[in-house]
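Before any comments, here is the structure.
The values are calculated or read from the model by the stated rules, or taken from the named source; none is laboratory data. This is a predicted model, so every value here is computed, not measured. Using ideal geometry, Cβ is built from the backbone for each residue, glycine included, and neighbour counts are taken over all protein chains shown. These accessible areas exclude ligands, DNA and RNA; they are computed on the full protein's heavy atoms, side chains included. Shrake-Rupley method; radii C 1.70, N 1.55, O 1.52, S 1.80 Å.
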Amino acid sequence: MKNITLPMSKDTARALQLGDMVTVSGLMFTGRSRFHIRAIEENIFPPLDYQAINCFFHVGPVMRDTPDGWEVVSCEPTSSIRFERYGADVVRRFQLRTLIGKTTMGARTAQALQEVGGVYLSKIGLSGNALRDQITKVRQVFFLEELGKTEATWVYEVDHFGPFFVAIDAHGNNYFEQLAADVSRALPGIERDLGIPADYAFTNVNPDSSANM
Amino acid sequence: MILRSTLEEAMYTAMRTASVQMPPDVRAALEQAAKEETDPMARRHLTVSLQNADLARAGKGLVCADTGFPLFFVQAGAHTTVEGGFETIFQAAAAATARATEECFLRPTMVDPLRRSNPGNNLGPGMPKVELTFSGNGDGIRIIAAPKGGGSEIFGTFYNMLFPSDGVAGIKKFVLESIVNSCYAGKICPPAIIGVGVGGTADLCMSMAKKAALLRRVGVRHPDPLVAELEQELLDAARRLGIGPMGSRGINAVLAVNIETAVTHTAALPVAFNAQCLVGRRWTAMITADQNITYTGDVA
């Protein structure tokens, strides 16, 4: 399996294909909804060297404060699709070449990734405990007091972290959108066999919006 | 009389165990699904998840790091008495939740919905959520702790007020569409257990859907043959969608479709959908009146 050194180069990103399984090694930062909203709406974000720390890991880890420093208990990638409102802006602003999360992102973020030469990596199964062991160092934490342990931004050093699979490549293709198109094609036959008429419509008791236009 | 300390201990241990152990029926269903899947990615999603559960069970982490909403389903008998009265159950649930969070068995996830502030202990108005019901003539208490993951709750909740003229076809269409949408890109972490409520009021309908998803042993069909047939039909249909574990190409987007019904208004056909994710977290504690606690991963 291919291991990619972070920060990922444009060339490396553009060579990856949908479905490729990879691990990554190097530095990454974490964030969830609050990171996205604050970075774009309030211009508040951690003062990192985003050229060097260029991988954004969508996660709210379980962290334990110990006398020897912060310890990761488990870290399961969180659903990236809910950040879609800000995804493209965040990718462009920090020129991110690696996003790691769960699920996928939408067309706007895919477009931004294509522009900067980046990919979106999605998780394989639940693996928060194996991922914990691949985090070799918790380097820094930002906004812990304001946001709490789950939404804070952590900076991790990781070694052979993953594997993840390429769910959005650097050319605008999306693994899950292709799969969903196949599901859409299968659906009418399944509905027919369930006895749902092809022209079935739920009873509408609200003003017909098309009639008002 | 059941003591407060006994309740606290049972609720804490059930919640903690739910976070680190996969219920045996859910595990067996996932192992079966792993045998069935042919796509390498679909299989890998499952084998990796089972390995993750093994690590959690061995004390190395959690079944899933999103421990979600802390829920307790509590059932008492006609002769159950509790030290300080039944209100004690709610206080014990809060203490158990705070302790499990402090010890990192629950992630501090509950926040104020408008301020988005996080107290760090998963406590606040409405949480932990405790549902207290009464059944039978006993003097004990049964507690099911269910840390309900965000993915399945956030992306796997739908409600539709249908009408009698929408018919069973409407129920089927709504459930099937909800499965397709919620499983897209693995949002609800499939293979999911799908709970469906039919009938009642809006809140009762959703409550039935939630309990159908969380509290029924995988593979058990509804005792009413009409309902059981609908469950099986929808499960068979879901397996033909071409969606597998974590939204991959496969068969097992859904492990079970569990339907519960309640009588409803003659003008209405309410349908609710609530999903449980692949780890199916729940653990049961049974307390007797003489403070004896037994635990099980089953829900009988």
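Please give the calculated 222 nm ellipticity per residue for the protein assembly as shown, where each DSSP H segment of at least 4 residues contributes -39500 (n - 2.57) and the sum is spread over every residue; nearest 500 deg cm²/dmol?
The helix contribution divided over the protein assembly as shown gives -11000 deg cm²/dmol.
Counting only protein chain heavy atoms and rolling a 1.4 Å probe, the accessible areas of B:ARG116, B:ARG281, B:ARG4, B:ARG57 rank, largest first, as B:ARG57, B:ARG116, B:ARG4, B:ARG281.
Just to make sure I understand: if all protein chains stay in place, what is the order of A:TRP70, A:TRP154, B:TRP283 by accessible area at 1.4 Å, largest first?
So, going from the largest accessible area down, we get A:TRP70, B:TRP283, A:TRP154.
The lysine pair tally for the range A:2-174, using Cα distances under 22 Å and a gap of 8 or more places or different chains, is 10.
Measuring only protein heavy atoms, the 1.4 Å probe finds B:THR261 accessible over about 70 Å². Rounded to the nearest 20, the Cβ-based charge dipole of chain B about its Cα centre (Lys and Arg +1, Asp and Glu -1) stands at 760 debye. Averaged per residue, the range B:194-300 has 36 square angstrom of accessible surface, using a 1.4 angstrom probe with ligands and nucleic acids left out.
Under the membrane-span-like helix rule (DSSP H runs whose alpha carbons stretch at least 20 Å along the helix axis, mean Kyte-Doolittle hydropathy 0.0 or higher), chain B yields B:87-102, B:167-183. Across the range A:93-105, computed HN-Hα scalar couplings (Karplus, 6.51 cos²θ - 1.76 cosθ + 1.60, θ = phi - 60°) run 4, 9, 6, 7, 9, 9, 10, 10, x, 10, 6, 8, 9 Hz from first to last residue, x flagging Gly and Pro. Each other residue within a Cβ distance under 15 Å of B:ALA169 adds +1 if Lys or Arg and -1 if Asp or Glu, for a net charge of -4.
Positive end of the dipole of the protein assembly as shown (Cβ unit charges, origin at the Cα centre): among A:VAL155, B:LEU106, A:ILE196, the Cα lying farthest that way belongs to A:VAL155. Projecting the Cα atoms of B:PRO225, B:HIS79, B:GLY61 onto the charge dipole of chain B (Cβ charges, centred on the Cα centre) puts B:GLY61 farthest toward the positive pole.
Other residues within the sphere of radius under 13 Å centred on the Cβ of B:THR296, judged by their own Cβ, net out at +1 (K and R +1, D and E -1).
Solvent-accessible surface (1.4 Å probe) assigned to A:GLU42 amounts to roughly 100 Å². Expressed to the nearest 5 percent, the antiparallel share of DSSP beta bridges inside the range B:151-276 is 60 percent.
The separation of the range A:172-213 from the range B:238-291, counted between C-alpha centres, amounts to 23 Å. Of the residues making up the range A:61-95, those losing 10 Å² or more of accessible area when the isolated chain is joined by the remaining protein chains, with a 1.4 Å probe, are A:VAL62, A:ARG64, A:VAL73, A:SER74, A:GLU76, A:SER79, A:ILE81, A:ARG82. Note on A:185-196: average number of Cβ atoms from other chains within 10 Å of each residue's Cβ is 5. Taking Cα centre as origin and charging only the Cβ of basic (Lys, Arg, +1) and acidic (Asp, Glu, -1) residues, the dipole magnitude of chain A rounds to 280 debye. Roughly what % of DSSP beta bridges within the protein assembly as shown run antiparallel, to the nearest 5? Beta bridges within the protein assembly as shown, antiparallel portion: roughly 65 percent.
Among residues other than B:PHE105 with Cβ under 12 Å from its Cβ, the summed charge is +3 (Lys and Arg +1, Asp and Glu -1). Here chain A exposes an accessible surface that is 47 percent carbon and sulfur, computed with a 1.4 Å probe and the other protein chains kept in place.
Helix A:107-116 and the longest principal axis of the C-alpha atoms of chain A enclose an angle of approximately 40°.
Chain A and chain B together bury an accessible surface of about 4400 square angstrom, both sides counted, with a 1.4 Å probe and no ligands or nucleic acids included.
Kindly report the accessible area of the range B:1-108 per residue (heavy atoms of protein chains, probe 1.4 Å, no ligands, DNA or RNA), in Å².
Spelled out: the 1.4 Å probe surface of the range B:1-108, per residue, equals 38 Å².
Working from Cα positions, state the angle (0 to 90°, nearest 10) between the long axis of helix A:175-193 and the longest principal axis of chain A. Taking the Cα atoms of chain A, the angle to A:175-193 is about 30 degrees. Over chain A, what is the percentage of antiparallel beta bridges among all DSSP beta bridges, to the nearest 5? DSSP beta bridges in chain A are roughly 60 percent antiparallel.
If only the Cβ of Lys and Arg carry +1 and only the Cβ of Asp and Glu carry -1, the dipole of the range B:26-166 around its Cα centre is close to 360 debye. Report, to the nearest whole %, how much of the accessible area of chain B belongs to carbon and sulfur atoms, 1.4 Å probe, protein only. Whole-percent figure for carbon plus sulfur exposure: 56.
Hey, if we sort B:LYS129, B:LYS187 by accessible area with the 1.4 Å probe, largest down, what's the order?
Largest accessible area first, the residues go B:LYS129, B:LYS187.
The solvent-accessible area of A:HIS160, taken with every protein chain present and a 1.4 Å probe, is close to 100 Å².
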